[in-house]
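Single-structure report; data block below.
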Amino acid sequence: MKRIFKDYQEYAEYFLRLIEIERKEEMKTQMMEIRALSGKKRERLGRAILNLRGRNAGRGLGGTYLIKFYRKSMPETEITVGDVVLLSQKTVSPRNPQGTVYEKGKNYILVSFSTRPPPFLYGRGIRMDLYVSDVTFQRMKEAVNILKDRIDLHPLLLGKKMPKIQKIPEMRVESNLNSSQREAVIRTLGAEEIFLIHGPPGTGKTTTLVESIVQHVKREMRVLATADSNVAVDNLVEKLAGRVKVVRVGNPARVTKTLREHTLDYLVQSLPEYKAAQKLWDKIDSLLGERDKYTRPTQQWRRGLGDDEIAYLARAGKSLRGIPVTMMRSMARWLEMQREIDDLFQKAKNYEKRAMERILKDADVICTTNSTAGSDILASLTFPVVFIDEATQSTEVSSLIPIVRTRKIIMAGDHKQLPPTVMSHKAKSLQYTLFERMLDVYGPKIRHVLTTQYRMNQEIMNFPNIEFYGGILKADESVKNITLHDLKLKFEEINAEMYKLLRPDKPVIFIDTQSKFREEQRRGSTSYMNRGEANLIAKIAKELLRIGLNISNLGIITPYDDQVDLLRSMLPQVEVKSVDGFQGREKEVIIISFVRSNSQGDTGFLSDARRLNVSLTRAKRKLVMVGDSSTLKNERHFQDLLNFLQERRNVLILGRDVDINVQP
């Protein structure tokens with residue numbers, strides 16, 4: 001698919017329409033789910049947290065109000081830094097207070113509010129629901145509109161100008177890059193408008209991107225580095241720290257000392273302007289408490305009177321339109337104090353702005369999410385070059401938010417892995433990312449593929465390499481032959497049948513259930529589960545842990561939420577996630593439950609090849625797959641996988657090749 005736009009107007013209309021469709025769908029879906037599911041079900045799905053207690057946590061940058069919500073044992077949750085959340089005590093509705101997750105700890109979530117929160121949030125029994133942020137959609141729209149005046153970017157984005165890449169001299173690199181990574185960095189330096197770093201699983205995509213950032217800084221270029229997720233931004237900051245002056249704008253998902261010391265929030269605290277602002281915020285808080293002792297001049301009490309008229313009548317001690325003198329004076333005092341508060345508020349904002357500008361002006365690299373790149377904090381800044389990591393997980397309009405601040409774009413990603421999440425079927429074309437579109441339009445001239453992978457045993461790598469990457473990947477010597485033997489597990493304690501599944505000299509095993517365990521659906525659910533597969537996987541996982549595998553080295557992947565729930569109930573301490581939840585992750589051992597088993601041969605969304613690719617490339621030393629070949633083989637990539645594994649004798653048929661007693 002190659003999409004070239006006729007002109008900017010067609011481009012803008014196309015994306016503005018899709019943004020609005022997706023915005024409405026996300027808000028509708030969230031509220032429908034909140035209303036349809038119990039709080040406990042939403043909590044199990046990771047999209048709500050119940051029974052929280054709120055406590056005042058002071059002020060954040062910009063005078064925002066901070067509340068720490070906590071409880072003794074926090075559930076596993078999708079709610080993370082930067083998310084918009086709804087807070088309630090009884091009924092959940094869009095009219096409830098909304099805040100933004102500011103910080104996340106083991107047993108607490110810190111939330112910021114732009115306006116003074118209602119008193120009930122400082123009590124017990126608070127419910128927090130993941131919600132949709134309209135801010136991000138508005139920033140996408142704003143970026144599309146800003147782009148109208150960036151006529152220098154139009155030819156590139158509309159597919160009408162072949163990007164130029166100059167040859168540059170050999171560079172001096174401080175880090176240990178392989179030849180493929182070095183070549184990628186050199187080509188990014190020579191690119192004048194755009195360049196793509198294509199990083200298959202485990203090839204050091206972010207390491208390469210970071211080296212390119214450092215090399216651009218050495219050439220006196222100020223850099224904006226972004227990604228769609230907070231976690232990816234944190235990775236960039238950690239790798240850049242100590243090599244360049246890096247500032248993290250926005251709040252990190254991982255609260256570590258390294259990250260915190262590079263955040264804008266932390267760095268401004270030592271500046272006199274910030275300290276002056278804090279004194280003003282304290283004074284504002286005091287005045288707000290004092291102001292609320294007087295009568296707010298609502299329309300009910302004003303009765304058509306303006307602010308100046310109220311002040312005059314109060315000074316004169318006059319009553320008018322049935323308003324008593326005491327009420328007139330109370331309203332006048334409220335207005336007087338509000339003017340003082342407004343004045344102090346503006347002064348505090350100006351102090352903070354000057355403090356932030358000092359820090360940002362001194363930075364070599366500013367790191368933030370795509371969305372935050374459109375915030376007021378960065379509104380006046382432009383950059384010679386913008387780097388976007390995880391670019392194949394960012395919609396084109398999300399990528400535009402940082403892009404409108406630059407004249408040169410470097411993107412890193414892998415379009416063979418999962419695309420951006422898009423809720424609306426009508427907006428699915430948003431999954432076609434700018435990275436992929438530019439590659440389709442301009443071809444491999446603007447791309448370099450990294451070819452050495454440092455994650456997995458070569459036998460785990462082999463099928464994805466052939467099926468998705470044309471066989472170009474090579475396993476580095478450091479990982480080529482790694483196995484479970486290296487972890488010193490007690491294999492001598494395993495019985496013969498279980499050993500067939502876990503033997504370390506077979507890094508890849510597919511357990512074919514041969515339709516013995518059928519899929520099922522819970523009433524009212526659109527998801528699927530498979531009890532037999534779950535029971536078998538639980539046995540395997542418990543055996544691995546019994547013989548010494550560290551629980552942090554084990555991960556279980558399954559495509560369906562209901563199967564995630566079932567496996568978590570059986571293995572509460574083991575990390576069980578959907579495919580999407582494991583993108584960018586790795587474990588020593590991965591067990592996959594494919595779930596689907598039916599007489600129709602229906603594989604559902606397992607037919608997405610990118611989802612299969614991600615699943616197969618998370619394991620380092622051992623990959624165990626459990627599924628029904630008679631159902632899975634109806635999808636081409638699964639048929640290729642089964643043929644590949646059968647040729648290498650990596651398939652064990654349950655009940656014939658291996659006898660494990662499992663309840664269906």
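The values are calculated or read from the model by the stated rules, or taken from the named source; none is laboratory data. Note that this is a predicted model, so its numbers are computed, not measured. Don't worry about glycine lacking a Cβ; one is built from the backbone with ideal geometry, like all the others, and counts go over all protein chains shown. Surface accessibility is based on the protein's heavy atoms, side chains included, excluding ligands, DNA and RNA. Shrake-Rupley method; radii C 1.70, N 1.55, O 1.52, S 1.80 Å.
Overview of results
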| read-out | value |
| --- | --- |
| C-alpha center-to-center spacing [the stretch 624-664, the stretch 530-553] in angstrom | 18 Å |
| For the stretch 87-119 and the stretch 268-325, distance of Cα centres in Å | 27 Å |
| Where labels lie 7 Å past Cα in the beta-carbon direction, separation of Ile4 and Tyr454 in nm | 3.9 nm |
| Residue-span extension gain [Tyr266 to Asp149] - 0.36 nm each, minus C-alpha spacing | 38.6 nm |
| Cut-off under 5 Å, modelled amide H: who pairs with Val508 long-range | Leu623 |
| Full-extension gain in nm, Asp476 to Glu170, via 0.36 nm per residue minus C-alpha separation | 107.8 nm |
| Solvent-accessible area of Thr258 with every protein chain in place, 1.4 Å probe, in Å² to the nearest 10 | 60 Å² |
| Rounded to whole Hz, the Karplus (6.51, -1.76, 1.60) HN-Hα couplings of the stretch 561-572, x for glycine and proline | 4, 5, 6, 4, 4, 5, 5, 5, 5, 7, 10, x |
| nm² value of the averaged projected area, convex hull over the Cα atoms of the stretch 1-57 | 7.9 nm² |
| Considering only the chain, percent of DSSP beta bridges that pair antiparallel, nearest 5 | 35 percent |
| Estimated vicinal HN-Hα couplings, Hz - the stretch 576-591 in sequence order (Karplus 6.51, -1.76, 1.60; Gly, Pro = x) | 10, 9, 6, 4, 4, x, 9, 4, x, 10, 8, 9, 4, 10, 10, 10 |
| Accessible surface ranking that places the most exposed of Trp334, Trp301, Trp281 first, with a 1.4 angstrom probe | Trp301, Trp334, Trp281 |
| Listed residues Asp659, Asp602, Asp414 arranged by accessible area, highest first, probe 1.4 Å | Asp659, Asp602, Asp414 |
| Net charge contributed by nearby residues that have their C-beta within less than 10 Å of Val651 (K/R +1, D/E -1) | -1 |
| Nearest-10 value in Å² for the accessible area of Ser38, using the 1.4 Å probe | 70 Å² |
| Surface share of carbon and sulfur [accessible, 1.4 angstrom probe, percent] for the chain | 47 percent |
| Average accessible surface area per residue within the stretch 79-194, 1.4 Å rolling probe, Å² | 50 Å² |
| Percentage relative contact order, the stretch 229-291, counting C-alpha pairs under 8 Å, at least six apart | 25 percent |
| FRET efficiency estimate (nearest 0.05) - Cβ-Cβ, Ser319 to Leu287, R0 22 angstrom | 0.20 |
| Rel. contact order, % - alpha carbon contacts under 8 angstrom, at least six apart, the stretch 89-137 | 30 percent |
| Prolate/oblate/rounded call for the stretch 611-664, Cα gyration tensor, a/c under 1.5 rounded | prolate |
| Within-11-Å neighbourhood charge of Ile323 [Cβ basis; K, R +1; D, E -1] | +4 |
| Relative contact order (percent, whole number), the stretch 1-68, Cα cutoff 8 Å, 6+ residue spacing | 13 percent |
| When each of Lys2/Lys205; Lys6/Lys353; Lys72/Lys275 is checked by Cα-Cα distance, pairs over 32 Å | Lys6/Lys353; Lys72/Lys275 |
| FRET E, pair Asn550, Lys72, Förster distance 30 Å, beta-carbon r, rounded to 0.05 | 0.75 |
| Per residue value of the accessible surface for the stretch 383-435 (all protein chains in place, 1.4 Å probe), Å² | 24 Å² |
| Base-10 log of normalised Debye intensity for the stretch 546-664 (one unit scatterer per alpha-carbon) at q = 0.10, 0.13 Å⁻¹ | -0.31, -0.53 |
| Residue-level accessible surface for Ser375, protein heavy atoms, 1.4 Å, Å² | 10 Å² |
| 3J(HN,Hα) from dihedral phi, the stretch 339-353, Karplus parametrisation 6.51/-1.76/1.60, rounded to Hz, x for glycine, proline | 5, 5, 4, 4, 5, 5, 4, 5, 5, 5, 4, 5, 4, 5, 4 |
| FRET efficiency, Val244 to Lys275 (Cβ-Cβ, R0 45 Å, nearest 0.05) | 0.95 |
| Sum of side-chain charges, Thr263 neighbourhood, beta-carbon under 13 Å (Lys, Arg +1; Asp, Glu -1) | -1 |
| Alpha carbon centroid spacing (whole Å) that separates the stretch 11-36 from the stretch 394-412 | 22 Å |
| Qualifying GluC sites (Glu not before Pro) for the stretch 434-483 [loop in DSSP, other Cβ within 10 Å: at most 10] | Glu477 |
| Label-to-label distance, nm, for residues given as Arg53 and Phe120 (7 Å Cα→Cβ offset) | 2.0 nm |
| Per residue accessible area in Å² of the stretch 249-365, where ligands, DNA and RNA are left out and the probe is 1.4 Å | 57 Å² |
| Filtered GluC sites (Glu not before Pro), the stretch 137-214: DSSP coil and at most 13 other beta carbons within 10 Å | Glu170, Glu174, Glu192 |
